[in-house]
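Visitor: This is the structure, below, for whatever I ask next.
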Amino acid sequence: MKFSESFIFTARQDPKVAECRSHKLLLKGCFLFMVSSGIYSYLPLAWRVLDKINSIIRRNMNSCGAQELLMSALQPIEMWRKTGRDKDLAEVMFRFSDRKERELCLGPTHEEEITEIARRYLVSYKQLPCVLYQIQTKFRDEPRPRFGLMRSCEFIMKDAYSFDADEEGLDKNYEKMLYAYKKIFAECGLDFVMVEADSGAMGGSLSHEFMVPSGIGEDVLLKCGKCGKYYKDAGECPRCREKLTPEKNIEIGHIFKLGTKYSLAQQGLFLDETGERKPFIMGCYGIGVSRILSAIAEVSSDEKGIIWPRKVSPFDVSLIVLGEDLKEDAFRVEEELNSRGYSVLVDERNEAAGVKFNDAYLIGNPYILIMGKKYKESGKIDVEIRKDRKKLSFSKEEVISFIEDEYAG
């Protein structure tokens, strides 16, 4: 893609509304448009990243046997009254009445709705286990939106729900999700920790949170400086007996063993092998998709911009062209990389070299190719690895081999 034809309009100055590094870089780099406090539009660069994150999630969910669906954003309050969560979540619900005076809300989560779906279609033990998931926007009337996408009024979430006939089945699905979540976050390039957590308003017997250690975030874990383990509620490290240090974290995922909380309240029943009606044993598994976007920008960045991991970067390569007479050569390199499945952002604008380099660093694609004046003489293209700023020089053929080798690794 030509930079001059893209919807990328970077800012030279830091935005005054930015509350943290990721918020600043995502606004400055033209990834997000701030509609209002806690409300954002995802611009093309961010959407390319989110699309890759969603692909990673879908691949891993599907490999667990989960099936994707899409539930409604509008929900009747009547459904929430069955579980009592119309009161539990009253402070964050967007509630209103339609022209027929029906009480509705914009879904802050979907346990109630998925249980209504399951009770309608899953009537026999022969249909279990069943795992359903969606990737959808949630809405919460946050009293204090902050840190950009970290705490916003609408956000993208992956939520999955398992339905089993017994606790043994739930245990198996829970372990599958634990494994899948570890793979998903690793593929997104995140260093994360997993801790047992409080189930809170979700209910259930067991839950685990997935956190990204950072300088910001509203979740505090206690870290042992000796063994590196994290804890929620220890005084000292139970292994090393060392004093623990509080550290802020960003929550990116949370999974729960719900048990029968929702199935009993909503009459989600099935017939077992003996013909007896029993409640589903349920699990719930959430990932903050848009929060992953911010978490990566927060922890994988430097003073110049974002450093996207290879599997989620908006483009695979930035190609900076430093000369009007080099554009055709640059487009040929782009075409060859495109033919091999790599996306390239070609900066062929009539701008100073410094502007082009600053934008390349800010946007943060993993590899920056520089086609300068010496290309005509030597045929060499300079390569800068965004992550460690390592600089190399290759012929066109060697550059293509280098990119292929890097993405194969």
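Visitor: Looking only at residues that are among the charged types (D, E, K, R), more than 16 Å from the chain's Cα centre (by Cα) and in a strand (DSSP E or B) in the range 207-225, which one is modelled with the highest pLDDT?
Guide: From the range 207-225, those among the charged types (D, E, K, R) are 209, 218-219, 223; that's our starting set.
Filter once more, keeping what is more than 16 Å from the chain's Cα centre (by Cα): 218-219, 223.
If we keep only those that are in a strand (DSSP E or B) as well, we get 219, 223.
Working: ASP219: 87, LYS223: 91.
My answer is LYS223.
Visitor: Checking the conditions here, which among ILE8, ILE57 is among the β-branched types (Val, Ile, Thr) and either touching a helix residue (DSSP H, G or I) at 6+ places or on another chain (Cβ under 6 Å) or closer than 23 Å to SER214 by Cβ (or both)?
Guide: None of the other options fit; the residue is ILE57.
Visitor: How about the range 120-206: which strands (runs of 3 or more DSSP E) wholly inside it have at least 2 residues that are loosely packed, with under 14 Cβ neighbours inside 10 Å, at negative phi and not polar (S, T, N, Q)?
Guide: Passing ranges: none, list empty.
Visitor: Moving to a separate point now. Just checking, how many residues over the range 351-389 are outside any loop (DSSP other than H, G, I, E, B) and either out of contact with any helix residue (DSSP H, G or I) (no Cβ under 9 Å at 6 or more places or on another chain) or aliphatic (A, V, I, L, M) (or both)?
Guide: Within the range 351-389, residues that are outside any loop (DSSP other than H, G, I, E, B) and either out of contact with any helix residue (DSSP H, G or I) (no Cβ under 9 Å at 6 or more places or on another chain) or aliphatic (A, V, I, L, M) (or both) number 19.
Visitor: Okay, moving on. Which pairs have Cβ atoms under 8 Å, sit 6 or more apart or on different chains, and link a residue in the range 111-126 that is hydroxyl-bearing (Ser, Thr, Tyr) to one that is part of a helix (DSSP H, G or I)?
Guide: THR115/TYR262; THR115/SER263; TYR121/GLN127
Visitor: Please report, ordered by residue number, the strands (runs of 3 or more DSSP E) entirely within the range 1-99 with at least 2 residues that are free of Cβ contacts under 8 Å to residues at least 24 places away in the same chain and either out of contact with any His (no Cβ under 8 Å at 6 or more places or on another chain) or closer than 28 Å to ILE307 by Cβ (or both).
Guide: Ranges flagged: 32-36, 94-97.
Visitor: Still on this structure, please answer the following. Which of the residues belonging to the range 364-373 are within 17 Å of ASP329 (Cβ to Cβ) and either of a type in the set (A, V, I, L, M, F, W, C) or surrounded by 14 or more Cβ atoms within 10 Å (Cβ to Cβ) (or both)?
Guide: Once the filter is applied, which keeps residues that are within 17 Å of ASP329 (Cβ to Cβ) and either of a type in the set (A, V, I, L, M, F, W, C) or surrounded by 14 or more Cβ atoms within 10 Å (Cβ to Cβ) (or both), the range 364-373 yields ILE368, LEU369, ILE370, MET371, GLY372.
Visitor: State whether the residues of the range 375-398 include one that is surrounded by fewer than 17 Cβ atoms within 10 Å (Cβ to Cβ) and among the β-branched types (Val, Ile, Thr).
Guide: Yes, there is a match, as at least one residue in the range 375-398 is surrounded by fewer than 17 Cβ atoms within 10 Å (Cβ to Cβ) and among the β-branched types (Val, Ile, Thr).
Visitor: If ILE255 satisfies all but one of (1) aliphatic (A, V, I, L, M); (2) surrounded by fewer than 20 Cβ atoms within 10 Å (Cβ to Cβ); (3) in contact with a Phe, Trp or Tyr (Cβ under 9 Å, 6 or more places away or on another chain), what's the number of the condition it fails?
Guide: (2)
Visitor: Would you confirm whether or not the range 299-310 contains a residue that is assigned to a helix (DSSP H, G or I), under 15 Å from LYS52 (Cβ atoms), in the same structural domain as ILE39 (by TED's automatic domain parsing) and of a type outside the set (Phe, Trp, Tyr)? Steps first, please.
Guide: The first filter runs over the range 299-310 and keeps only residues assigned to a helix (DSSP H, G or I), leaving 299, 310.
Subsequent filtering for residues that are under 15 Å from LYS52 (Cβ atoms) retains 310.
Remaining after also requiring in the same structural domain as ILE39 (by TED's automatic domain parsing): none.
Within the range 299-310 (the criterion being assigned to a helix (DSSP H, G or I), under 15 Å from LYS52 (Cβ atoms), in the same structural domain as ILE39 (by TED's automatic domain parsing) and of a type outside the set (Phe, Trp, Tyr)), the answer is no, since none of the residues qualifies.
Visitor: On the given criteria, is ASN358 at pLDDT 95 or above, polar (S, T, N, Q), touching a strand residue (DSSP E or B) at 6+ places or on another chain (Cβ under 6 Å) and in the same structural domain as GLU397 (by TED's automatic domain parsing)?
Guide: no
Visitor: All but one of (1) within 30 Å of ILE385 (Cα to Cα); (2) part of a strand (DSSP E or B); (3) more than 24 Å from the chain's Cα centre (by Cα) hold for GLY228; state the number of the condition that does not hold.
Guide: All conditions pass for GLY228, except number (2).
The values are calculated or read from the model by the stated rules, or taken from the named source; none is laboratory data. No experiment lies behind these values; they were computed from the predicted model shown. Every residue, glycine as well, gets a Cβ built from its backbone with ideal geometry; the counts of neighbours run over all protein chains shown.
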